[in-house]
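Right, one structure below, let's go through it.
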Amino acid sequence: MSYLTDEKEGASCLVMGNEAIVRGALEAGVNVASGYPGTPSSEIIENLSKVAKEPNLYVEWSVNEKVALEVAAAASFSRLRALCVMKQNGVNVASDFLLHLAGSGTRGGFVMVTCDDPGALSSVNEGESRFFARLLEIPLLEPGNFQEAKDMTKWAFDLSEELRQIVVVRSVTRMSHASGNITYGRLPAEKRRAEFRFDGFALDPDEGIIISAPVAWKHQQQQEKIRKAREIFEGCPFNTYEGPERPDLLLITSSACYLYSREAVNVLGAEDRVGLLKMGTTWPLPPKLLAKHLSRTDKVMIVEEVLPFLEENVKILAAEQAAEIGVKTFYGKNDGTIPMTGEMNPDLVIAALSSVLGIDYVPVPEEYGREAQASVIARAPNREQVFCPGCPHRASFFSIHNALEMDNRQGFVCGDIGCYTMAIGSTGFNTLKTLHSMGSGAGIASGFGKLGQFGMDQPILAVCGDSTFYHAVIPALVNAVHNRSNITLVVLDNSGTAMTGFQPHPGLDHNVLGEAVPPIDIARICEGIGARVEIRDPFDLEGTRETLNELIEDTSGVKVLIMRKACALSPQRKNKKDYTVHVDETICIGEECGCGRFCTRIFGCPGLIWNAEKQKAEIDEVICVGCGVCADICPQGAIKREEVA
Amino acid sequence: MEKRVIRRGQEELKKYVLDARLCTGCGACIDLCPYHRSHRGKTAVLFPCVVDEGRCFAYCPKVDVDLDMVSRHLFGRPYDGNPLGSYQSISATRAGGRLKNVASQAGGVVSALMYFALEKRYVSGAVLTDRRGLLPLPRFVTVPQDVLACAASKYTAAPTLSALNQAVEKGHRNIGLVGTPCQVLAAALMSSNPLKADDCVNPFGLVIGLFCTWAIDFRLFEPFLAGRIEIDRIRKIDIPPPPSEIMEVFGDSGTKLEIPLNEIRELVPNGCSYCIDMTSEFSDLSVGVMEGHPDMNTLIIRTDRGRRIVEEAAQEGYLTLSALPEENREHLIWAAGNKKKRGLSKARGEGMINTQGNETKSYLRISAEILEGLTA
Amino acid sequence: MTAYRLPKDPYNIIITGVGGQGNVMASRVFSNMLVQKGFFVTIGETFGASQRGGSVMSHIRVSSKSTWSPQVPKGKADVVVTLEPIEAIRVLAGYGNPAVKVLTNTRAIYPAGVIAGRLSYPSLDEIKETLKKLSARAWFIDATDEAVKLGNAILGNIIMIGALSAVGDLPVGRGDFEAALSRTLPAEKMADNLTAFDLGVELMKQ
Ligand SMILES: Cc1cc2nc3c(=O)[nH]c(=O)nc-3n(C[C@H](O)[C@H](O)[C@H](O)COP(=O)(O)OP(=O)(O)OC[C@H]3O[C@@H](n4cnc5c(N)ncnc54)[C@H](O)[C@@H]3O)c2cc1C
Ligand code: SF4
Ligand code: SF4
Ligand code: SF4
Ligand code: SF4
């Protein structure tokens, strides 16, 4: 049971933005939901899977976002309501299918939720999914608070059915992962039956075949849908205005920026000077609604995150309607009032507003601010993110690093997306040298591996996680084998999609609904492709290192090393100590020649700390998870481990 | 005046030796700690170390070597630049008795002496160099029979001293060592307690040095030979004395490959070209091939400890001793002097020699006078 | 929704700590206590670092009128609860002001740079001095140590929640805690949590 389903209509609950989206989808009677995990979107599919039984939902983690969208499309084509969820980069992956889907149209309500990550809080990009809506000519909705996250999701299904087109609901990290109270609506009783019709007139949207051709005709149909959406958006209740009839400044915003803007106006006490137009339907924009508000002021500020999507679209409408509404002064990304990178917050809006409105604003007394800043510098040492205590990646990268140093030919590792991305930094011994999108480590390596004819003699490695392997590495591996590229791929198999919270993937024996499924073995896939495959436990440090050196020296083609060890936070390892570990003070030589604080200074498991007074290493009982691997790195054998019975 | 602290740690070792391409991979800095590893003949630094004064630096024969200090420590007198170093006597010799037919390099004297020393417990174990294919493998052996398994020269530069460091770490003392001149110099540095540690003990029971003009870089040698001969089936490699100017590689099925030495010289580690020692001057005993007699050895006795063992071994028939013809002696002096001059001139030309005193410049410390004399 | 007059509206709480300390759970539970009382609550969280030893922060906005932004504006924190001492300093530099109250768990978790010896960690006395200077009132609570005595270090977060409820600015107490917790926690875990909560309240009296 979950508070997402058992609470009745009218109940007020504190939910995360992603949970609000889940409730909205449930209230819309969603039948099929698919997705690929990615922060900040993962909780949506996770929560749906938890409640799947009762309303007869089908929920799956798909192998990647493109397949997820295709799986959900099948439901829509069969007149079911379908939801597909991904983080922004997933839209890039899915976009080829999305382009064709937008051309073919849909049947049952089809909503794609994308969660963008402005400021890249847990991404390596701050890509924009909003532009896909414009590029692919499909409607885009952006909730401006938690209640809307629910209500808009629900409405998006209706809209999709009305337009016979997929509808995008776009959230951002601060919406998806923030929480607020919302009031629940009714859960529907209607049960739909899946049926795919194809034998009517070929071009009939409900009975024909579903394709994006004849292209010219279908494209016209598609644009007709977008015109219809624009009409509907003119009266959409998700576009709201608060402020004076004729404001000094009209602030147009959407999404989380609406909350920041509202806060900024409040902090500056500028409620009677600033009009706040919050757009819930950001593509296509309703021209009449905008003309009405634009005509009541001379100055317009647009507040949004990253690229000037809203700003440009508003400016086009303002230019087209300039004769009626007059010429405006715009403040936004283009003139530098609002930054064009990173996430927004109330303070950035306060700064923008106070400069445009000429308000003096000092958040804290100057002296306090100075003192506080000085204290941070003097007394709050920076806290980098590190691999967890007991993390298999620390051990894996220790061995990869050592193998490459010992090999001594400037070998390097192409990185990929997952927790192990942190191996760019010192927690992974600065091992990764390139980092891009899912699966691109293996792809780039495949290319590097062909540069021998231009004199490159550096060993080429790539790493990927187990989930990433299925998502996008397989084609790269096939490419490398087919093209006889000489590379070593290290698969960090920690039994789950650890980064985003252990979602099951095709390598496991169960799916997200808890059903037994056949595990798809990475080793056998690689062997099938034609690679040499080795499997090691990364906690066998020396064995792993030796194998790696051997593979690196083997010039016969593609080699795969699978490092198999469950994540320290995984359900099977969490809260379970394999060893009790302590440092024998009489043996530890600390800073002396022969060690030089190897455990704390180099290996860096947070479970090991340095007692400066005693000049000895120590185990922090609260943090150590008892994996025992550090006993093998101490040159003196001072770290003692005893197996826990 | 502020006293300048001279760091003698890994950072300096890396700067003056590894980055300057002086390293010969001797193994003296390996297995002292987790920072240095040797792999396929190359010494690698895995992580930066912050110890100010370290054994890696102190033991390395390619950095800040104080020749006077070493000579005083071993022989009780300053370094005088004699081409053959300090010694008591030179003889011609070969293994005798039941060790006569061992598959050794020349006269088998090295193996015979170490076998004897181990059998009589003059040493408790021996650090030697075995091989797999062309890859030299450091070994610590404790039974005499295993000495014979390591006989014959591996011309690839070897990290032999890593096995010594491991043995010392495990508590072994009174260890025998067979090494090339750079390794023997490192051993001398080790025994001199360069860091003035209270708990330092001299781990050596007997140091036998080999004559050496240069070694070969394994990582270049292996691809060089690949395709010419089956590497796993090489039985022996030899360099017959001048004027032949070839290297002979024997396969196990009687095949023989002859390679001109000027091709081989391309494969010599850069570090060897700075070496000023041909006869392992800082050993107890030094052994080389006797010119004109490929089945005999030239033996230089340098210390009392070495002399006693040689005499006993001869008495018990482990080796036969005879006088070395004057002509051979002169040629040896000429060749050793040449090597000294070449190495010193090169190092001096590159500003690596410290004649002033206490500042770490790099490579060698030597008095200005002797330097002049040797390079004139 | 509620007639209760907050000392300030919105009233801003920041709960901070290091990934793995139960920061998110603490802010959830406390927010639910407030929601039950009829307040609008918004929580803003930094998630990514939550499991990987980075600094984590939850912003809790409490209002009797409406939903506020998931990020507290600079200098506008009313109370800062910190599960790791130096994190309080970091938070105050962004959100502190002379009137702020600070509740600090005294147990240090050393950043990687400190463990590696590249950075240094201040003494507890230095931390206390700093926090006193930067706040109107500062409490120091040995929450982790007490939690270890209770048999589970993670309960440190609940001790701190108990302590927070005892500050007195908000109308919530043990009953609300019990009600909020029972929504998500199996019954057998309730007793430990209640003990921890009570201990937090108790420690504030000293
Ligand atoms: C790299 C190298 C270059 C040499 N150059 C010359 C030279 O220019 N002129 C000359 O007269 N003699 C040279 N020698 C010495 C010569 O080859 C014989 O080793 C020596 O004459 C002793 O012969 P033996 O029959 O007594 O040796 P054996 O009884 O066969 O014993 C050989 C011993 O050498 C050790 N050894 C083998 N390879 C290595 C190595 N790479 N590093 C350290 N120890 C090793 C083994 O552990 C073994 O104990 C060289 C030796 C080496 C290893
Ligand atoms: S425990 Fe071992 S590795 Fe750590 S400081 Fe002591 S001797 Fe060095
Ligand atoms: S046993 Fe060692 S490596 Fe493992 S968690 Fe504890 S301190 Fe870290
Ligand atoms: S100084 Fe000592 S501990 Fe450091 S690298 Fe050298 S030998 Fe190793
Ligand atoms: S010459 Fe020997 S001691 Fe010096 S760096 Fe090389 S392997 Fe180490």
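The values are calculated or read from the model by the stated rules, or taken from the named source; none is laboratory data. Bear in mind that the values here come from a model prediction, so they are computed numbers and not experimental data. In this analysis, Cβ positions are derived from the backbone assuming ideal geometry, glycine residues included, and neighbour counts consider all displayed protein chains. Side chains are part of the model used for accessible areas, which takes the heavy atoms of the whole protein and leaves out ligands, DNA and RNA. Shrake-Rupley method; radii C 1.70, N 1.55, O 1.52, S 1.80 Å.
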Part-to-part distance (alpha-carbon centres) for segment B:131-162 and segment C:105-175, which is given in Å: 60 Å
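Viscosity 1.002 mPa s, temperature 20 °C: Stokes-Einstein D of segment A:579-643 from its Kirkwood Cα radius, in µm² per second?
On the way: Rh = 11.4 Å.
Approximately 188 µm²/s, per Stokes-Einstein.
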Rg/Rh ratio calculated on Cα atoms of the protein assembly as shown (Kirkwood radius): 1.07
Relative frequency of Cα-Cα separations exceeding 18 Å in segment C:31-95, percent: 41 percent
10 °C / 1.306 mPa s Stokes-Einstein diffusion coefficient of segment A:508-559, Kirkwood radius on C-alpha pairs, µm²/s: 121 µm²/s
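When only Cα pairs under 8 Å and 6 or more residues apart are kept, what is the percent relative contact order across chain C?
For chain C, the relative contact order is 20 percent.
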Under 5 Å, built H, 5+ apart or other chain: amide partners of residue B:236: B:250
Fluctuation leader among B:232, B:277, B:198 - chain B, Gaussian network, Cα springs under 10 angstrom: B:198
At 1.567 mPa s and 4 °C, Stokes D of segment A:66-161 from Kirkwood alpha-carbon radius, µm² per second: 94 µm²/s
Degrees between helix A:146-163 axis and first principal axis of chain A (Cα, 0 to 90, nearest 10): 70 degrees
Segment B:223-318: equivalent-ellipsoid semi-axes (sqrt of 5 x gyration tensor eigenvalues, Cα, Å): 31, 19, 12
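How do the peptides C:28-39, A:322-333 rank, highest first, by the average count of neighbouring beta carbon atoms within 10 Å per residue?
Final packing ranking: C:28-39, A:322-333.
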Cβ-derived FRET efficiency at R0 56 Å, residue B:21 paired with residue B:326, nearest 0.05: 0.90
Segment A:30-98 and segment A:576-609: distance between their alpha carbon centers, rounded to Å: 46 Å
DSSP beta bridge pairing in segment A:240-357, given as percent antiparallel to the nearest 5: 20 percent
Heavy-atom accessible surface of segment A:579-643: percent carbon and sulfur, 1.4 Å: 45 percent
Hz values of 3J(HN,Hα) by residue in segment A:206-223 - Karplus curve (6.51, -1.76, 1.60), Gly and Pro given as x: 9, 10, x, 7, 10, 9, 9, 10, x, 4, 4, 5, 5, 5, 4, 4, 4, 6
Qualifying lysines (Cα of each under 23 Å from Cα of residue B:256; at least 8 residues distant if same chain): B:154, B:236
Per-selection Rg to Rh, chain C - Cα, Kirkwood hydrodynamic radius: 0.95
Cα-based helix-to-principal-axis angle, A:366-379 vs chain A, degrees rounded to 10: 30 degrees
Descending Cα extents along the principal axes, segment B:1-144, whole Å: 65, 39, 28
Radius of gyration and Dmax over the Cα atoms of chain A, both given in Å: 27.7, 86
Per-peptide average of other Cβ atoms within 10 Å, ordering C:170-176, B:49-55 highest first: B:49-55, C:170-176
Volume of the Cα convex hull of segment B:138-264, divided per residue and given in Å³: 134 Å³
Pairwise Cα inverse-distance average, inverted: Kirkwood Rh of segment A:318-407 (Å): 19.2 Å
Mean-position separation - Cα centroids, segment A:439-499 and segment B:61-82, in angstrom: 53 Å
Relative compactness, segment B:285-337, computed as alpha-carbon Rg over 2.2 N^0.38 Å: 1.20
Once the Cα gyration tensor of segment A:3-234 is diagonalised, semi-axes √(5λ) in Å: 26, 20, 16
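Rg to Rh ratio, segment A:168-260, alpha-carbon atoms and Kirkwood radius?
1.10
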Candidate lysines for bridging to residue C:132, where Cα separation is under 25 Å - those fewer than 8 sequence places away on the same chain excluded: C:8, C:74, C:76, C:101, C:205
Per-residue HN-Hα couplings for segment A:515-529 [Karplus 6.51, -1.76, 1.60; θ = phi - 60°; Hz; x = Gly/Pro]: 7, 6, 9, x, x, 9, 7, 4, 4, 6, 4, 5, 5, x, 6
Phi to ³J(HN,Hα) by Karplus 6.51 cos²θ - 1.76 cosθ + 1.60 over segment C:128-135, Hz, x for Gly, Pro: 4, 4, 4, 5, 5, 5, 9, 9
Peptide-level mean, for A:588-598, of C-beta atoms on other protein chains within 10 Å: 6
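Need one value for B:34-43: mean number of C-beta atoms belonging to other chains within 10 Å of its residues' C-beta atoms.
For peptide B:34-43, the averaged partner shielding equals 5.
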Protection-proxy order for peptides A:612-625, A:536-549, each taking the mean of Cβ atoms within 10 Å per residue, highest first: A:536-549, A:612-625
Amide H contacts of residue A:384 (H built 1.01 Å from N, under 5 Å, at least 5 apart or other chain): C:112, C:113
Where N is the number of residues in segment C:19-140, Cα Rg divided by 2.2 N^0.38 Å: 1.10
Exceeding the 25 Å Cα-Cα cut-off - candidates A:150/C:37; A:53/A:150; A:574/C:149; B:14/B:42; A:218/A:292; A:53/A:576: A:218/A:292; A:53/A:576
Number of partner chain Cβ atoms within 10 Å, mean per residue of C:37-46: 5
Between helix A:541-553 and chain A: long-axis angle, C-alpha atoms, 0 to 90°, nearest 10: 80 degrees
Reachable lysines from residue B:341, criterion Cα separation under 19 angstrom, eight or more residues apart if same chain: B:62
Beta bridges by DSSP in segment A:392-564, antiparallel share as percent, to the nearest 5: 10 percent
